[in-house]
Each structure stands twice: as structure tokens, then as C-alpha cells.
1. Would you be able to say whether some residue in region 66-83 is polar (S, T, N, Q), over 20 Å from Leu193 (Cα atoms) and crowded, with 17+ Cβ neighbours inside 10 Å?
2. Please list, ordered by first then second residue, the pairs with beta carbon atoms under 9 Å, 6 or more apart or interchain, first in region 229-241 and open to solvent by 40 Å² or more (accessible area, probe 1.4 Å), second of a type in the set (S, T, N, Q) and at pLDDT 70 or above.
3. Among the residues that make up region 175-189, is at least one of them touching a helix residue (DSSP H, G or I) at 6+ places or on another chain (Cβ under 6 Å) and open to solvent by 60 Å² or more (accessible area, probe 1.4 Å)?
4. May I ask you to verify whether Ala154 is touching a Leu at 6+ places or on another chain (Cβ under 7 Å) and either within 20 Å of Ile69 (Cα to Cα) or outside any loop (DSSP other than H, G, I, E, B) (or both)?
5. Tell me whether region 121-129 contains one or more residues that are acidic (Asp, Glu), at pLDDT 90 or above and assigned to a helix (DSSP H, G or I).
6. Restricting to region 190-215, count the residues that are at pLDDT below 95, open to solvent by 60 Å² or more (accessible area, probe 1.4 Å) and either part of a strand (DSSP E or B) or of a type outside the set (A, V, I, L, M) (or both).
7. Would you be able to tell me the number of residues in region 101-116 that are in a helix (DSSP H, G or I) and either within 16 Å of Asp160 (Cα to Cα) or in contact (Cβ under 8 Å) with a residue 24 or more places away in the chain (or both)?
Amino acid sequence: MLLVSWLLGGLFTVIVIFPVVRLSQRQWMIHHWSRVLMACCGVSVRYRGEPKLNGAVLWVANHVSWVDIFVMDSVRAVSFIAKSDIRKWPIIGWLVAGAGTLFIERGRRHAVRAVGHQMNERFARGEAVGLFPEGTTSMGLDVSPFHTSLFEPALRAGVDIQPVALLFWRRGERTTRYAFVGEQTLVHNIWNLLTATGTVVELVFCPVISAAECAEMGRAGVAGHAYEMIRGIVKTDAGSV
């Protein structure tokens, strides 16, 4: 009941309040609202490394669940790039749309170019953009190869790129319980989360790849470097939290 009430309150906020407040106020609300949402779900959020909290940046992360968006928003308000199907999810889809998510319609010609223009607008305002370059969710114990096309707008805009590894833990051990994969429904996945205890999502912020380094490496080079950093953590980090 607490979770449903908080989600409905968030929906009211994005529909009624967001259109009449400044960008900085919206970002503040997204950040703090996401922190409370994760607490309502029984998720402890922890991070290592130094997240880039000011100025334009592209955060590149592995993708495990719908939770990923709100976990990262609890560190800094981020405009995410997501597949258009998410917009149709009940309540959560409406929430992420209202919070400024950039939706990409796969299979549509010029879809990448259209999202690239929207990314440039966000970068010009000094915002953080979040990208899940695997293109789909995984079990969280490995990382699928990255699609490179949406790295290009960041290179053209001359912004830093920071890889982020997401690790899901339960009672001190890595877990696949919360992975939103296969034929699982959103309701089932949320139930898996709400009926668990000792849930921790850890974000490992890798060193920032500066705009100058990105320009040197090129799109494929940057994507490959980010992939290796994230996969190295996801595959080998067997510590405890």
C-alpha cells in the first residue's frame, strides 16, 4: 500500500507539478523521490567510486531491471534512453516518461538520429543522460555486447562518459532474483522485489572517460573501453556488502 501510494503521488507530481517548476526543481524532486521509492521497495542503494554529479555527462551502465533507472536517479537525476515499450507499462511507464526519459522506437528509420537530437538538448542544459547500451536486460552476472550508435551524440557534443556497473545483492551474495528477463511480467518482478529481504543494489562508478579521450578513441573504441570496464566488475566482483 505504501508503494502504491508513493507511485500515485509521483504520477500526480509529474502531471501537475513538473510543468510549472524549473528544471533544477524537477531534478531535485526526481532525485529525492527515487530515494524514497527504493526505500519503500526495501532496496538499499550503495555506491563506490566518484560519480560525476555536475555538468553534462553520459552514464553508461549494464541493465538488469526496471529498478536500474530509479537506483541511478537516487544518486543524480538522469534522463534515460529506453525502448518505447516501457512507455506502456502501467504507472512506472508514465512516471519515467514524465521524468524526461528519451524513448527510442526500434525498427524505425531515423530513430537513433531523433534520440541523438534530444540527447544534445539535454547535454546543452548540463544534464546527465543514462544509456543501457546492451539494448536489453540481463541476469546481471555478465554483460552483453554494447550497441555503439548512441555513443555518437556524446562524442559530437564533447561531453565526458562515465561507465557504471550495477551489482545486485541479497543477504550479502550476488543474486539474479531481481533480473527482469524472459517472459516475466512487471507485476511478478515487483513481487519478487517486495517479498525479499536484505536487498542491496551497488553502483560502481568507473573513472570518467574525458571528452578528449573519447575523441581520440572514437565511438567503437569508447564503447569497447566502457564495456570492458563494466564487464570486468560485473564478472569478477564477488565481495560482500
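1. Of the residues in region 66-83, the ones polar (S, T, N, Q) are 74, 79.
Cutting the leftovers down to over 20 Å from Leu193 (Cα atoms) gives us 79.
Okay, now just the ones that are also crowded, with 17+ Cβ neighbours inside 10 Å, so 79.
Scanning region 66-83, I find at least one residue that is polar (S, T, N, Q), over 20 Å from Leu193 (Cα atoms) and crowded, with 17+ Cβ neighbours inside 10 Å, so the answer is yes.
2. Note: pairs meeting the criteria are Arg231/Asn62; Val241/Ser44.
3. Yes, because at least one residue in region 175-189 is touching a helix residue (DSSP H, G or I) at 6+ places or on another chain (Cβ under 6 Å) and open to solvent by 60 Å² or more (accessible area, probe 1.4 Å).
4. Values: touching a Leu at 6+ places or on another chain (Cβ under 7 Å): yes; either within 20 Å of Ile69 (Cα to Cα) or outside any loop (DSSP other than H, G, I, E, B) (or both): yes.
Yes, satisfied.
5. yes
6. Residues in region 190-215 being at pLDDT below 95, open to solvent by 60 Å² or more (accessible area, probe 1.4 Å) and either part of a strand (DSSP E or B) or of a type outside the set (A, V, I, L, M) (or both): 3 in total.
7. 3
The values are calculated or read from the model by the stated rules, or taken from the named source; none is laboratory data. These figures come from a predicted structure and were not determined experimentally. Glycine also receives a Cβ, built like all others from the backbone with ideal geometry; neighbour counts cover every protein chain displayed. Areas reflect the complete protein model, heavy atoms only, side chains present, ligands, DNA and RNA absent. Shrake-Rupley method; radii C 1.70, N 1.55, O 1.52, S 1.80 Å.
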